[in-house]
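Only one structure is covered here, and it is reproduced in the block below.
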Amino acid sequence: MSSTPARTIRRRSVGRLAAALVVLALGLAGCGGDTGGDDPGPAATSGAFPVKVEHKYGSTEISRQPTRVVTLGLSDQDPVLALGTVPVGAIDWFLERPYGKWPWAQQLWGGTPPEIVGERDDYNLEKIAALRPDLIIGLYSGMTQQQYQQLSQIAPTVAQPKGHADYAAPWQEMTRQAGRALGRPERAEQLIAEVDARFAKARQDHPELAGRSVAVVEPYEPGKYAVFAPSDPKVVFMTQLGFTVPPTIVEAAGDEYAAEIGSERLDLVDVDRLFFLTADASAEPRVKADKVYATLDVAKQNRAVFLPYDNPPLGAALSFSTVLSVPYALEQILPLLGTA
């Protein structure tokens, strides 16, 4: 991905989900425990169709239960897998592969990799058509109206959820939209409720987190930091645990997804609990060597947690922010919090 700081952090954070800070090749093995999506529940019945799904470019009618689904959003495969359907086609992420590496989804692929039909928002229409899909989904995407019209000639196509900017719909809406398209809205709501219950239990088990101030930061270059806004999925995850975002960070981020700061403004992140998302092994010692950071109480009192994007993919799970990755992130991150 791009090495340009502020304006491309959004893309870097998105792409990093499959390639860690650019997203690194994970090559992970194993599965990270129950994700809430291992049991797909009862299958949709033919009586659920036809269904009409509203989206950014209008509405799409799906006449029968889809069995050959192509996913074109960067994380669309997760809600589709969680709902019991294995996509036959998916996109590439910056020369990565969107399957097989994420521990929260590995088992659900069942050893059946999808055909790669493009990279990010560059779709190969011929490959998509050759798969004979009966449904195309592009939820977490930048699909244009022209692309939507072209894809709709191949199969019923559901574009980005309406009312949200591209790449900005929350995982709950992504799950609901996939549930509508697959004729499984009740199962989608059940999956969302299961994740909500996990957060509720986490808050109950960790009452010491309630009201504590938090910051989620990416040290993307020496002396430069991205402080994520309250609306960013990684920060939303933390606030669902009971943390709060200080007004100073809210003000600094403004309408952006993150505030880009230099070392001289690290006072913004002198909070009760600080989370650094690190792309490689050099990031943590680099941050700790920052002379300004060393003066902060959060550093002196060892209240910072460094979460790698890779090995294990904790930062990736937070950034990916899907019905499958959020439970994995909860399971992996809660033990790191302690009571400090």
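See the values below:
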{"item": "Some residue of the stretch 324-340 being of a type in the set (Phe, Trp, Tyr), in contact with a Leu (Cβ under 6 Å, 6 or more places away or on another chain) and in a helix (DSSP H, G or I)", "result": "no"}
{"item": "Residue match in the stretch 129-152 (condition: free of Cβ contacts under 8 Å to residues at least 24 places away in the same chain, farther than 26 Å from Pro50 by Cα and not charged (D, E, K, R))", "result": "no"}
{"item": "Qualifying position, being at pLDDT 95 or above, touching a strand residue (DSSP E or B) at 6+ places or on another chain (Cβ under 7 Å) and buried (at least 22 other Cβ atoms within 10 Å of the Cβ), among Ala283, Ala226", "result": "Ala226"}
{"item": "Qualifying positions in the stretch 73-105 - of a type in the set (Val, Ile, Thr) and at pLDDT 95 or above", "result": "Val80, Thr85, Val86, Val88"}
{"item": "Residue match in the stretch 187-202 (condition: farther than 18 Å from Ile333 by Cα and without any contact (Cβ under 8 Å) to a residue 24 or more places away in the chain)", "result": "yes"}
{"item": "Given (1) buried (at least 24 other Cβ atoms within 10 Å of the Cβ); (2) within 23 Å of Val326 (Cβ to Cβ); (3) without any contact (Cβ under 8 Å) to a residue 60 or more places away in the chain, number of the condition Val117 does not satisfy", "result": "(2)"}
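Condition check ((1) part of a loop (DSSP other than H, G, I, E, B); (2) within 17 Å of the chain's Cα centre (by Cα); (3) not aromatic (Phe, Trp, Tyr)) across all residues:
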{"site": "Glu284", "(1), (2), (3)": "no, no, yes"}
{"site": "Ala294", "(1), (2), (3)": "no, no, yes"}
{"site": "Phe306", "(1), (2), (3)": "no, no, no"}
{"site": "Leu318", "(1), (2), (3)": "no, yes, yes"}
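The values are calculated or read from the model by the stated rules, or taken from the named source; none is laboratory data. Computed from a predicted structure; not experimentally measured. Positions of Cβ are generated from backbone atoms using ideal geometry, with glycine treated the same way; all protein chains shown enter the neighbour counts.
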